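Rule-based calculations on the coordinates, nothing more; no lab input. Source: prediction; values computed, not measured. Quick reminder, even Gly has a Cβ in these numbers, built from the backbone with ideal geometry, and neighbours come from all protein chains shown.
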C-alpha cells in the first residue's frame, strides 16, 4: 500500500519514469524508484517498478520524517532530487545528484541552516510537447459521455453473456466536514463500512453484445456497478472515473486486462450501443416512493432510514420488534449509539464482518470457511486494494436475500422493495446521507453514549453486573483497529435502545419470558423484576440519553437542525 508521486519521464523514453515512492497516507517523501509502464499498471515489483534507493524500501504505508523527494531526470541514469537527513548538526532537505545504483552526491545546501532545498529543475532548452487534441466537445455541459465496449471483458468466465442487464452509476460523495474524533475510523461516522455518502445517478441498459453508451455527471468521482435483471450487483468497480463537461471517454470492459484492446474493434465491428445516442441514466421506478424527511438533503444520496427501513417496517417488524424479537433480531428503526436497531442487528450482531486479502480481493481462507455472512461488506480501513472478484461482493455474497423469500415467513417481499435492499448492500451498506452532524465533540460526531448522565450511570452498573461475561465497556471503545468480532464488532452498541428504552437488549436479554428474551446467566436471570435497583438505574440512564437525543436530534432523525445539501 503506497503511492507513486512526483513522476517524470526519462529523456527519450515514452514508458520509463523516475518517481518518488511514498506512503499512501503519509508525507510526500520516501524512496526514489523507476517505473516502466510497458509492463502494465498492475505489474509487480522488479518488473513494473524498481527501487533505486534502498534505505527506506519497501515504503508501503509507513511514514518517515525524512526521505527522498522531487526527482528530476537529467539523463536516463542520473537524477536530481531532494534528500532530507541530519548532517553537521542540521536536519533539513538538501540538493543531491543520484544515479541508478542509489549512489548520491551532495550538490548544494542553503547557507541558512533553517532553509531546505526542494523541487530541483534543470534549466535548459526543452522541446515543446506535441499538442493533444481535446476530447471535450461542449465545456458548458454538466455531463460527459462514456462508451463501454463490452462489459464481459474482465467478467468472463464468472459472468455469462446475457447476465448483465444494466449498469448503475454511483458517486462517492466528497467530504464536506473537517475531520475530528473518529468511530469505525471515520469522522464523521457514516456507516459500519463505507466512509462516504453514496449518490445514485441512475441506471442504463446494456446491449446484447455487452456494450453501453450513456451520459455521466461531470466533475464527480463516479464508479459503475454491473447488475443482473433483478438489480443485483454482479461486479463493482473498485476504482473511480471522472469526466470533464462535454468530454467523451471509452473503456474496454469491466476490470479487463489493461494490456488488451477490444476484440470487436480489432475486427472492425462497431458496438451496438455506439450506433445510437447515449442513454440518460434513469432512476428505478420505485425511487419516487422514497419519503423525504428533510428538504435540504439530496434525495439521490442513499439514506438507510428512508431507503431500507421502510421495507422492514412493512414486512418484518411485526415479528422482529419488542422485548423479545424473533431470533433476537430487532428490525425497528429505533436509535442506537451510532445507527439504528435494524442496522446494528444486520451488520454487527449478525457477525457479518469478513476480512479479505488486501491485494487479491479474495476472502481470507479462514473467513471463507465460516458461514456466508448475513450482509457482505468491506470495512474501508482494511478493504482490499486489489480488484473485487465477480459474484463475490454485495447482495450475492450475502444470506440476507434468503430471508426476503416466501420460504422464510410465508410471504415474499415484492421485487421493488427487495431492490431497495439490494441497492443498499451493493453500495457497501451506507447509513447516513449527509456529513453534517449535531455532536461534533463526540466519537464519530454522532455518539449518543455522550448524552447527559447516561454514560456514568450505565458504566457503573455495566462493569459491576455485566463485564464478567461481556468485557468492560470504555467510552473510547469505537473500532479503529483490526475488526475483532468479539468486542465492538459484536453489535453490543445496539444493546441500548435510545428510542424505546424498555426494549433495550441490555434490560431484556436476561429476563424471564414474557418480560424478556429468557436467556439465563450462570447465576440465573439478571433482572427478575422491574424493581431491581440496577434495572432501574440502567433504565434511568437510557431514558436520560433518550431525552438528550430528542433535545438535539441526530442526522438520522426528524428535526435535525444542521442539514445541508452535499455538493
Fill in the blank from the handout: A student applying the Cα gyration tensor rule (rounded when a/c is under 1.5; otherwise prolate if a/b is larger than b/c, oblate if not) would label the chain oblate
Exercise for the section: With an 8 Å cut-off on Cα pairs and a minimum separation of 6 or more residues, tell me the relative contact order of the range 350-400 in percent. Expected result: 42
Problem - For the range 12-63 versus the range 348-368, the gap between their alpha-carbon centres in whole angstrom - result: 29
Completion exercise
With only helices counted (DSSP H, runs n ≥ 4, each -39500 (n - 2.57)), the per-residue ellipticity at 222 nm for the chain, to the nearest 500, works out to -3500 deg cm²/dmol
Practice task
Please tell me the relative contact order of the chain in percent, rounded to the nearest whole number, where contacts are Cα pairs under 8 Å and at least six residues apart.
Solution key: 13
Practice task
Name the shape class, rounded, prolate or oblate, that the alpha-carbon gyration tensor gives for the range 209-285, where a ≥ b ≥ c are the square roots of its eigenvalues, rounded holds for a/c under 1.5, and otherwise prolate holds if a/b is larger than b/c and oblate otherwise.
Solution key: rounded
Problem - Cα point-scatterer Debye curve for the range 210-249, base-10 log of I(q)/I(0) at q = 0.14, 0.19 Å⁻¹ - result: -0.38, -0.66
Completion exercise
Note to self: C-alpha centroids of the range 73-130 and the range 177-208 sit apart, in Å, by 41
Handout entry: Relative packing of peptides 15-26, 408-419 - highest average C-beta neighbours within 10 Å first
Key = 15-26, 408-419
Exercise for the section: Would you please put 503-509, 398-404 in order of how densely packed they are, using the mean number of other Cβ atoms within 10 angstrom per residue and starting with the highest? Expected result: 503-509, 398-404
Practice task
Please work out the Kirkwood hydrodynamic radius for the range 143-287, using every pair of different C-alpha atoms, and report it in angstroms with one decimal place.
Solution key: 16.3
Problem - Normalised contact order of the range 64-111, rounded percent, pairs of Cα under 8 Å and 6 or more residues apart - result: 27
Exercise for the section: Stick to Cα atoms and the Kirkwood definition of Rh, then tell me Rg/Rh for the range 246-342. Expected result: 1.23
Exercise for the section: Rounded to the nearest Å, what's the spacing between the alpha carbon centres of the range 388-429 and the range 487-543? Just the number, please. Expected result: 31
Practice task
For a footprinting-style exposure proxy, rank 289, 215 by other Cβ within 10 Å, fewest first.
Solution key: 289, 215
